[in-house]
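A short reminder: the numbers here are calculations on the coordinates, not readings from a lab. Quick caveat, the model's predicted, so the values are computed rather than measured. Here the Cβ positions follow ideal geometry from the backbone for every residue, glycine too, while neighbour counts run over all protein chains shown.
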Ligand code: DGL
């Protein structure tokens, strides 16, 4: 790579604890194929869903710094757990010190900005990891945009392991999927819109639907975040100009690339060839 090419390579960074962010990256690339993208999955330390605030913050910041070092000016935390537990501190405390011109965005805000438009009854649900649910981030953010909405949450700690172990199509998975969907609906049977508040969950959307009344709408974040990022780049031409446009997508994992590539294809819908990133 020539020096010129190297310095002009400014990909949009997309980060997740492991594979889930690939469901978001897929939609972002499909909406805006012109940019360069750099995906980083922290598979060596996933899952994040059950970890403390401090740990998720520390791991996320470390990965964001790696993405900055690899040329990213803009990073999307395509992980609800990291968005819930690390984003605000990174934006408010770390970015001003690292480089005030760089940006880190999350996945919770774009979803909470629109959820109210999907509910007629004023009752919505959030399905997420234990970390996302206990952070209360969805409650706080939805309140800002739709103060009259009633929000019910359910933590689904078994779902990410079932998905990551490729067990989600088996019978055993149905037990846990049904259990959490039922728990959520028992809190308020009038819930008519549900956020899939974990980037892994689009893989089991059909199974989730099986246990819900037909008129309940399920919101996956991929397309919502892609649209949110597009709007962001339109509103921030100074950032848009910096993002390089050679239509490349590169993948990094903190664990074994061979293992990553096998499962990643399921999430990304296309063959993935990753490289190892040493932390
Ligand atoms: N994909 C992550 C999210 O959106 C959760 C996965 C994990 O627990 O690491 O919350």
Computed over the chain: longest principal axis from alpha-carbon atoms vs helix 21-31 long axis, angle to nearest 10 degrees, is 70 degrees
Extending each Cα 7 Å along its Cβ direction at residue 190 and residue 130, get the distance between those two points in nm, one decimal. 3.3 nm
Express in whole angstrom the spacing between the alpha-carbon centres of the stretch 112-182 and the stretch 25-44. 24 Å
Quickly work out the residue 167-to-residue 139 label distance, labels modelled 7 Å from Cα along the C-beta direction, and quote it in nm with one decimal. 3.1 nm
How large are Rg and Dmax for the stretch 169-279 when calculated on the C-alpha trace, in angstrom? 18.5, 50
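When the helices in the chain are scored as -39500 (n - 2.57) per DSSP H run of 4 or longer and the sum is shared across all residues, what 222 nm value do you end up with, to the nearest 500 deg cm²/dmol?
Values: 14 runs with 126 residues, N = 279.
After summing the helix terms and dividing by residue count, I get -12500 deg cm²/dmol.
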Nearest 10 degrees is fine. How inclined is helix 257-268 to the longest principal axis of the chain, computing both from alpha carbons? 50 degrees
Extension gain, residue 234 back to residue 34 (0.36 nm per residue minus Cα-Cα distance, nm): 70.6 nm
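Rounded to the nearest angstrom and ordered from largest down, what semi-axes does the equivalent ellipsoid of the stretch 86-182 get from its C-alpha gyration tensor (root of 5λ)? Could the numbers behind the result be given before it?
Working: eigenvalues 167, 90, 21 Å².
One finds semi-axes of 29, 21, 10 Å for the stretch 86-182.
How long are the three semi-axes of the equivalent ellipsoid for the chain, computed from the Cα gyration tensor as the root of 5 times each eigenvalue, in whole Å, largest first?
Details: eigenvalues 185, 89, 57 Å².
So the three semi-axes of the chain are 30, 21, 17 Å.
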Förster-model FRET efficiency, 41 Å R0, residue 217 and residue 258, C-beta, rounded to 0.05: 0.60
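Once you have the Kirkwood Rh of the stretch 1-142 from its Cα pairs, apply Stokes-Einstein at 10 °C and 1.306 mPa s and quote D in µm²/s.
Values: Rh = 15.9 Å.
The calculation lands on 100 µm²/s.
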Taking only Cα atoms, what is the 0 to 90° angle, nearest 10, from helix 171-187's long axis to the longest principal axis of the chain? 70 degrees
Simple spin-label estimate for residue 114 and residue 209 in nanometres, 7 Å along Cα-Cβ: 1.8 nm
The distance between the Cα centres of the stretch 49-73 and the stretch 200-240, in whole Å, is 23 Å
